[in-house]
Amino acid sequence: MSTLFGSLYGLLNPLALLLTLPAVGFLMYAYMKKGQGLRHTVASTLILSQLKSRVAARRTFRPPPIFFLELLILLLMIVAISGLFKKEPARHIAILIDNSLGMAISQSDTARATLGSSVLQEAVREARSYLGGMRSDARIKVLATSPWMKPVSPRTLSPAEADFALSEVKQAYGQDRLEFNIRQLFASGKYDHVAVFTDKRLKQSEKGTGLDALERVSIFSVGGRSQLSQERRTDLQNIAVISAEMKRSDAAGDRMTVTATATAFSTGAAEVTLQLREYSIISTGGDFLPIQTVSKTLEPGKPGKFVFTDVQAVNPLHVRIVSNDQSRSRNNRIALDDHIWVAPDSTTAEPLVISDGSLKALGLEQLKSQPFKLVSPHEYEALAGANDHIVKNAPMNIFYKYSPTKFPGSDSLFVLPPANSTFFQSTEVVTRAEVTRWLRSHPVTTYLNLPALSIPALQPLVVPPWGNDLISTTRGSAAYLGEKDGKRIVVLGFEIFPYEAGEAPVISIFTLNILKWLNAETRSSHLIPLGSPVPEPELQTAELFTHTGLVSLRQQLDSGKITPDQPGLLRYLAAGGEQKTAAVIFYDERESNTLEPGYLTLGSLPQGEAPAGADIERFGPLLAKLLVLLLLAHLIFLCIQPTRQPIGASR
Amino acid sequence: MLSDNFNPGYLRQLELLNIRARRTFLGARHGGHLSMKRGHGIEFSDYRKYEPGDSPRHIDWGVYGRSDKLYVKRFQEEQALSFFIACDGTRSMLTPTTAGKWEFARDIALSLSYVALMQHDSVRICVPGVMTTPAFSHGRGIHTLSDLLDKATTGNRIDFIEEFNQGLHQVKFPGVGVLISDLLMPFEVIQKAVNAMRAKNLDINVIQVLSDSDLDPLENETNVIAIDSETGDEVRLELSQEARAEYSYRLEQHNLGIKEFLANYGISYSLALTSQTVQEFVIQHLARTGLLA
C-alpha cells in the first residue's frame, strides 16, 4: 500500500500487475504486425513493386491513435483485475501512551525522574509529532496505559484537541499491559488504528500473523531502553525497592522487624542505603520521621534484604532509598520505585499453599501482603502427619488440584480438587458453562457481577450435605462453601489462578473475598496491590497519603469502588464505622529493570466491527463502468472509420 | 460443359460471326478461308496465258474477244484455318478466385472456338503448363473443348514461356493465334510469347483480361504485404490515395507499352474487363478489333 493525496491505495491482487508487461507487449506486437500490414495474395506484384510508397521495413513503432485507446482499455482491465482500492486514512484513532513506571526513566545525566526529562515526555513529544501529520477530521482518543487503561478525555478529540490533551498524561505507577490494551481497543470496534508510544520494542509474531496487526497498529518506540545497546547500559541503571514486610520480633513483644528487599539493576555492584521512616498523621501533621538506615552492597541483578530491627510500629512505616551523592543518580534512573509502604500489621503464621506448582505460577506473589508458604502435596502429608506447627498454625490452606488424605484442620480453599477425591465429588470437565444462580448477600460474592464471570472449563461439583451451592451454572455447580468440622471450606470447580489482580477484576475480587472469608484477610486488608480494588463494601471515607502528598479519593468513593492508582497509605472508614489503614504497593521487575528492553508482541488482532467512517473504496465498479464507456468509444471509432472508395481505372 | 454465358441467344450470335484473318494462309483442307493455294476454288484470282493442256472451260472468252489472245482464269482455293488459342491459366489468372479472370478468359476462348468451329476451322486451345487440346474442326468439338477446359488444373506455377512454346509447337500450320492473358508479367515474357507466335507465322491477336482487383488492388487496405501469387514475392505497401493513383498510372503505362509493342507488328490488342460480360466483349468489342466479323 502507498499513500497518495492523503489516502492509502493498495491492490487486492498485486500479482495481476504481472500481466501488464506481456499484455502491453502483445498489443504492441499486434500493432507492429498490423502496421506491417495484413498479408494479401495478389495476382501480380509487377506493378505494385514499382510504387514509390513501398515500405522496405518498418523500423519505428508508430501506432495509430486507436492503439492508445486500446492500450488504455487494457491497462484499466489489468488494474480492475488487480483490485485497486483506496483506504481512507484511519479516522478513528486511539493514541495509547505508555505511562507505566518504566517510562519514568530519567534520560538526563543530572536530573532525576521529573517531567521534562523522562521517557514519557519523549513519548508525548512523539505523539504530538504524530498528531501533526493527521487529517483534521480524524477522531482521536488519547489513552494512558497505567495503572489501567483509561482515556484522558471522555470524548473523542480532534488532532488539535488531542495535542492539548496529551498534557494531561501523567506518569503513573503500574504495568503497561500493552498487548492486552491494544486488543481491548480493537475489540471495542471503535478504532481502526492504534498508535502506541512506549519504551518497548516491537517483536513480530512468530506465527506470521502480525502483518494485519502491523497495518492497524503503529508502534513508536522511544527512550534509550528501546534502543538499548551495550554502550548505553551503564546509563540506564536502576535500583528498586521490591518489597517490605513487617513481622513481630517475638511472639510476645511489641517490637517489629521490618525486612525490605531491594535490587540493583546495574552493571556492577551498587552501594544502596535504605531508610525506614514512620509516617505520622497526628503528631507530625502528615510527615515522615526517620527511624533507621541500613546500607548494603548489592550484587547486580540480585535482590538484597535490608533488615530493620527493633522497630516500634505504631504508625505506618515507609522505606525509601536514600543517597547523599547526586552523582549516584546515574545509577538509579527511576525514582518511583525507590520507596515502598509497610503495612502496620502482619500475621505470624503463613497460609499454606499446597501445590506442585509455584507461587509465581499461581500469581500469589502479587499478593505482597500475604507471604504464602508453598509446600508440595507430599510435603504437606508429611507435615500434617507429623502435626507440624506449619500445618497446625497455618491460618488457612489453599489446596490447588489436590485433596489431602485427612481433612484439614484450618479454613481451606480447594481449587479443582481431583475427581477421585475422598472428600469431594465432581463429574467430568465440561465447557461453556454460564452462571445461572449464585449465593447472594454472602461476603464471598460481595462486589461481584457473577454473570460476567467467564468459566471456559468447569469441573461440575457435587454439593455435599454440609455445603451450600455458591455458584450454579448451566452445566452444574461451579462452587460451593460451607462449614465442616468447624472449619470454613470453599470448593471451586473452575480455575481462579493465576491471580491477575486488575487484569481479571471479577476473579480477583472473588479470590480476595474467598481469602478474606477464610480468615486470610490480614494482608488483603492491610496491603493492597496497586490497581486492585479495595475489597471493602460501602466505604464511607477514603484518602490516600502518598510520599508526595494527600490524594483525594472522593470521586472514586462516589462511584462506589476505590481502586488506588498509586502507592500510598490508604485510610478509609469501612461500613460499621471501623477506621482502617492499608498500604497500597506496587512492584514489577519488568518496569524497574531498566537494563532489559521490553518487547511488545503483536499477533492477530480482533477485528471487531468496523467503526463508522472506516471505509475501503474498491475501484472495481468504477473501472468496470469506465471500461464499458471506453469499449463503446472503441466500437464507435471502428464504425466511423471511413470506407475508402477505390480509384477506378479507366475502362 | 459450356457455362451459362453460352445461352442459345449468344450461340446464335456467335454463329453469325466469322473469324477474320488479316492474311491468307496455307490450309490443310478446304475451309472457309482463302488459301494461299491457287487452284480450283471459286474465288477468281487473276489471268495467265493459255498453255496447251489448260481446260478450255477456264478460258476467259471475253478477254479473247477483245484482245484476240487466249487467257485462262486463275482462282484462289479456300482452305480451313488453323486457330490457336493460348489461354493463360497460371495463378495470376485465378487470383483472387472471386475475380473470375480465368473463367472470363476461358469463355472468350470458347466463344472464339465456337465461331471457328462453325466455320469448320481447326481449333486448338493451349493452357500453358496444363494442357494443349487436340485440334477440333467440327461444331461438336466445342463441348469437348469445354469439358477439357473445365477439367484443366489451372493455377500452377510454371515457366510460362517454356510451357507456352511446348503448346505452340503443336501448331503445324500458320493461322490465327490468340493469346488470352492478364499480361501481368514482365514485358520480356510477353515479348517472347508474341515472338514465338510470330515465328509460327500466326495472325496474332492479344486479349488482355483484367479484373477489378487488378485495376484497384487491395481495396480498403492501407498497410499491406502484397504477395505475388506466382512468384511469392512480398511487397510491403502503404496504399494511400496517391499510391493508388500511381498504381493506376503505372498499370496504364504497362498496358500502353504492350500495346505499342504489339502495334509495331500489326498485332491487335484488346482489353477485356471482367466487369463486362463475355457476350459484350465478344460481340461488340472483338468485332470492332477485326478479329470477328
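Which trypsin sites (Lys or Arg not before Pro) in the range B:112-170 sit in a loop by DSSP (not H, G, I, E or B) and have at most 16 other Cβ atoms within 10 Å of their own Cβ?
B:Arg140, B:Arg157
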task: Check the straight Cα-Cα distances from A:Lys33 and name the lysines below 24 Å, setting aside those fewer than 8 residues away within the same chain.
output: A:Lys52
Cα centroid separation - the range A:539-593 against the range B:175-208, whole Å: 128 Å
Cross-link reach list, lysines versus A:Lys190, counting only Cα pairs under 20 Å and skipping chain neighbours closer than eight places: A:Lys87, A:Lys141, A:Lys150
- request: Evaluate Rg over Rh across the range B:192-256, taking Cα atoms for both radii and Kirkwood's formula for Rh.
  value: 1.11
query: What nm distance separates the two modelled labels at A:Arg554 and A:Cys639, each placed 7 Å from Cα along Cα→Cβ?
result: 8.3 nm
Most to least packed among A:499-510, A:140-151, A:300-311 [average Cβ atoms within 10 Å]: A:140-151, A:499-510, A:300-311
- prompt: Taking K and R as +1 and D and E as -1, what net charge do the other residues with C-beta under 11 Å from the C-beta of B:Leu286 add up to?
  reply: +1
field: Size of the A/B contact, given as accessible area buried on both chains, probe 1.4 Å, in Å²
entry: 3600 Å²
Within a Gaussian network of chain B (alpha carbon springs, distance under 10 Å), most fluctuating of B:Gly232, B:Gly177, B:Gly257: B:Gly232
- prompt: Want the number for A:Thr259 to A:Ser454: 0.36 nm per residue separation, take away the alpha-carbon distance, what's left?
  reply: 66.3 nm
statement: In this structure, among A:Lys247/A:Lys373; A:Lys247/A:Lys296; A:Lys516/A:Lys580; B:Lys101/B:Lys200; A:Lys406/A:Lys484, pairs with alpha-carbon gaps over 18 Å are A:Lys247/A:Lys296; B:Lys101/B:Lys200
message: For the range A:534-596, what does the convex hull of the Cα positions come to per residue, in cubic angstrom?
response: 91 Å³
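Measure off, as a whole percent, the carbon and sulfur share of the 1.4 Å-probe accessible area of chain B, all protein chains present. Show your work: numbers first, answer last.
On the way: 6560 of 13440 Å².
Of all accessible area on chain B, carbon and sulfur atoms account for 49 percent.
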- prompt: Most fluctuating residue of B:Asp54, B:Asp150, B:Asp216 in a GNM of chain B with Cα springs under 10 Å: which is it?
  reply: B:Asp54
task: Provide the FRET efficiency to the nearest 0.05 for the A:Ala382-A:Lys150 pair, computing r from the beta carbons and using R0 = 45 Å.
output: 0.40
- request: Sorted from largest down, give the three principal axis spans of the alpha carbons of the range B:110-156, whole angstrom values.
  value: 33, 15, 14
query: What is the average number of partner chain Cβ atoms found within 10 Å of a Cβ in B:215-223?
result: 6
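Ignoring everything except DSSP H segments at least 4 long, calculate the 222 nm mean residue ellipticity for chain B; use -39,500 (n - 2.57) per segment, divide by total residues, nearest 500.
Per the formula, -10000 deg cm²/dmol.
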task: Note down the magnitude of the dipole of chain B about its Cα centre, charges +1 on Lys and Arg C-beta and -1 on Asp and Glu C-beta and zero elsewhere, to the nearest 20 debye.
output: 1940 debye
field: Largest-first principal axis extents, alpha carbons of the range A:454-566, Å
entry: 52, 33, 24
- prompt: For the residue pair A:Thr405 and A:Ser158, what label-to-label distance in nm results when each label sits 7 Å from Cα along the Cα-to-beta-carbon direction?
  reply: 7.7 nm
task: Would you mind giving the mean number of other chain beta-carbons within 10 Å of the Cβ of each residue in B:232-243, as a whole number?
output: 6
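The values are calculated or read from the model by the stated rules, or taken from the named source; none is laboratory data. Quick caveat, the model's predicted, so the values are computed rather than measured. Positions of Cβ are backbone-derived with ideal geometry, glycine not excepted, and every protein chain shown enters the neighbour counts. We work out accessible area using only protein heavy atoms, side chains counted, and drop any ligands, DNA or RNA first. Shrake-Rupley method; radii C 1.70, N 1.55, O 1.52, S 1.80 Å.
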